[in-house]
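Take a look at the structure set out below.
The values are calculated or read from the model by the stated rules, or taken from the named source; none is laboratory data. Everything quoted here is computed from the prediction, not taken from an experiment. Using ideal geometry, Cβ is built from the backbone for each residue, glycine included, and neighbour counts are taken over all protein chains shown. Note: accessible area is taken over every heavy atom of the protein model, side chains too, but ligands, DNA and RNA are not part of it. Shrake-Rupley method; radii C 1.70, N 1.55, O 1.52, S 1.80 Å.
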Amino acid sequence: QVQLVESGGGLVQAGGSLRLSCAASRSIFSFYHMGWYRQAPGKQRELVATITSGGTTNYADSVKGRFTISRDNAKNTVYLQMNSLKPEDTAVYYCNARGNYEEYWGQGTQVTVSS
């Protein structure tokens with residue numbers, strides 16, 4: 001069992017930046033896929049960004065060029081650097097870890113972008 005704890009959310013003005021962190025309770029080396037997803041009120045959860053164990057990244061079109069995902073296996077942590085934030089980025093952001101036979105979600109962290 002793995003616990004994922006997100007942090008770094010908050011209230012920011014449009015154009016600002018936030019850095020989200022996802023700390024795992026054990027090594028993330030075995031997870032071939034780690035990612036960030038978000039869910040806005042009244043909407044379905046959607047993919048924001050993912051990163052494989054080899055470092056390959058994938059981004060939703062809406063965040064390309066503004067967000068950067070990274071992972072530090074030594075610290076068992078995944079990050080999401082969010083720049084040039086827009087009001088439409090407002091959502092609860094969730095961390096996800098996926099292995100061959102297991103998948104885990106964090107509890108989420110709220111990001112609110114004011115116009």
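How much accessible surface area, in Å² rounded to 10, belongs to the heavy atoms of Ser17 with a 1.4 Å probe?
60 Å²
Please compute the Cα-Cα pair-distance distribution of segment 22-62 with 10 Å bins starting at 0, giving whole percents from short to long.
P(r) over segment 22-62, rounded to whole percents: 26, 45, 25, 4.
Describe numerically, in nm with one decimal, the distance between label points set 7 Å from Cα along Cα→Cβ at Gln110 and at Arg66.
2.0 nm
In segment 12-54, which trypsin sites (Lys or Arg not before Pro) fall in coil by DSSP and have 16 or fewer other Cβ atoms within 10 Å?
Qualifying residues, ordered by number: Arg26, Lys43, Arg45.
Expected output is a single nm value to one decimal: the length gained when fully extending between Gln13 and His33, i.e. 0.36 nm times separation in residues minus the C-alpha distance. What is it?
4.1 nm
Between Arg98 and Gln3, what is the FRET efficiency for a Förster distance of 25 Å, r being their Cβ-Cβ separation, to the nearest 0.05?
My answer for the efficiency is 0.95.
For Phe29, what accessible area in Å² do you get when you roll a 1.4 Å probe over the heavy atoms of the protein chains, rounding to the nearest 10?
Its accessible surface works out to 150 Å², give or take rounding.
Hey, which lysines would be in cross-link range of Lys43, C-alpha to C-alpha under 25 Å, not counting anything within fewer than 8 residues on its own chain?
Leaving aside lysines fewer than 8 places away in the same chain, those within reach of Lys43 are Lys64, Lys86.
In whole Å, what are the Cα extents of the chain along the three principal axes, biggest one first?
Each principal axis gives a Cα extent; for the chain these are 41, 25, 23 Å.
Working from the pairwise distances between different alpha carbons, so that the mean of 1/r is found and then inverted, what is segment 43-107's Kirkwood radius in Å?
Computed over segment 43-107, the radius equals 13.0 Å.
If a paramagnetic tag sat 7 Å from the Cα of Arg45 along the Cα-Cβ line, which residues of segment 1-29 would have the backbone N under 14 Å from that point?
4-6
Given 0.36 nm per residue, what is the gain on full extension from Ser53 to Asn83 after removing their alpha carbon distance, in nm?
8.4 nm
Taking a probe of 1.4 angstrom, what is the accessible area of Asp89 in Å², to the nearest 10?
Counting only protein heavy atoms, Asp89 exposes about 0 Å² to solvent.
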